[in-house]
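A.B. asks: Below you'll find the structure I mean.
The values are calculated or read from the model by the stated rules, or taken from the named source; none is laboratory data. Remember, it's a predicted structure, so these values are computed and weren't measured experimentally. Virtual Cβ from ideal backbone geometry, glycine too; neighbours counted across all protein chains shown. In case anyone asks, the SASA skips ligands and DNA or RNA and just uses the protein heavy atoms, side chains included. Shrake-Rupley method; radii C 1.70, N 1.55, O 1.52, S 1.80 Å.
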Amino acid sequence: MIRVLIADDQAMVRTGFGMIIGAQPDMEVVGEANDGVEAVAMARKLKPDVALLDIRMPKMDGLEALRLLSGPGVTDPVKVVVVTTFDLDEYVHQALRNGAAGFLLKDSGPALLVEAVRAAVSGDALISPSITVRLLEHLSPPAPSNDDGGLSPRELDVVRLAAKGLTNAEIAAQLFISIGTVKTHVGSVMTKLNARNRVEIAAWAWERRLLG
């Protein structure tokens, strides 16, 4: 079973998410928190497979809770999907740098919520490198960077496509290479960039204006 913790200060949101998660045959809700402090404590105690964190919560916001659970230097990070409303897109970049395994809009619907949880468990991002990039486009563009992360030209090609939300099969088709080769490139990219998932690859690509 995929064990899920839900943290949101709105009881109706927690109930709604709980019903969606509980309806999946391979998922269960192991805890509900109504503020950031409680979310961190419960996550450390219950060790869920995935934590769904709202950003705006009392006592401690979701971004700080995320940093404590998944940020740089955390030895046993929790896979966190940040759940928020569209008008908070200025926080997307901070969430990604603090280790978010996905970024979900509250009005995305049940199917995407379930997909986000499954993607986080598998070590991938939500379908959402594309969602993430769309949100990042609302921020001021970063200064151009000549940093290529030590990636080869082919690896950079893979990064551009992965950051736009393409699957391994779609990347393979576009670049006329095998799916196995794509997986090898993605693995190499994650190692070189010290990225934990495709969301972090998307953030790195956006910072360097590779998505134009």
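A.B. asks: Being of a type in the set (S, T, N, Q) and in contact (Cβ under 8 Å) with a residue 24 or more places away in the chain is the filter; apply it to the stretch 186-203 and report the residue that is least open to solvent (accessible area, probe 1.4 Å). Let's see the steps before the verdict.
C.D. replies: Let us first name the residues in the stretch 186-203 that are of a type in the set (S, T, N, Q), namely 188, 191, 194, 197.
Within this subset, residues satisfying the condition of being in contact (Cβ under 8 Å) with a residue 24 or more places away in the chain are 188, 197.
Details: 188: 35, 197: 10 Å².
Step by step, filter the stretch 186-203, then rank; the result is 197.
A.B. asks: Give the residues of the stretch 47-66 that are crowded, with 19+ Cβ neighbours inside 10 Å and of a type in the set (A, V, I, L, M), sorted by residue number.
C.D. replies: Hits for the stretch 47-66 are 50, 51, 52, 53, 55, 57, 63, 65, 66.
A.B. asks: Related question: Does residue 44 meet the test of being under 18 Å from residue 199 (Cα atoms), part of a helix (DSSP H, G or I), open to solvent by 50 Å² or more (accessible area, probe 1.4 Å) and at pLDDT 85 or above?
C.D. replies: Answer is no for this residue.
A.B. asks: Name the single residue that is surrounded by the most Cβ atoms within 10 Å (Cβ to Cβ) among those in the stretch 6-28 being of a type in the set (Val, Ile, Thr) and closer than 23 Å to residue 59 by Cα.
C.D. replies: 6
A.B. asks: Of the residues 151, 210, which single one is part of a loop (DSSP other than H, G, I, E, B), open to solvent by 30 Å² or more (accessible area, probe 1.4 Å) and hydrophobic (A, V, I, L, M, F, W, C)?
C.D. replies: 210
A.B. asks: Out of (1) over 21 Å from residue 2 (Cβ atoms); (2) touching a strand residue (DSSP E or B) at 6+ places or on another chain (Cβ under 8 Å), what's the single condition that is false for residue 75?
C.D. replies: (2)
A.B. asks: I'd like to know if the stretch 79-87 contains one or more residues that are modelled with pLDDT under 80, farther than 17 Å from residue 16 by Cβ and either of a type in the set (S, T, N, Q) or part of a helix (DSSP H, G or I) (or both).
C.D. replies: Yes, some residue in the stretch 79-87 is modelled with pLDDT under 80, farther than 17 Å from residue 16 by Cβ and either of a type in the set (S, T, N, Q) or part of a helix (DSSP H, G or I) (or both).
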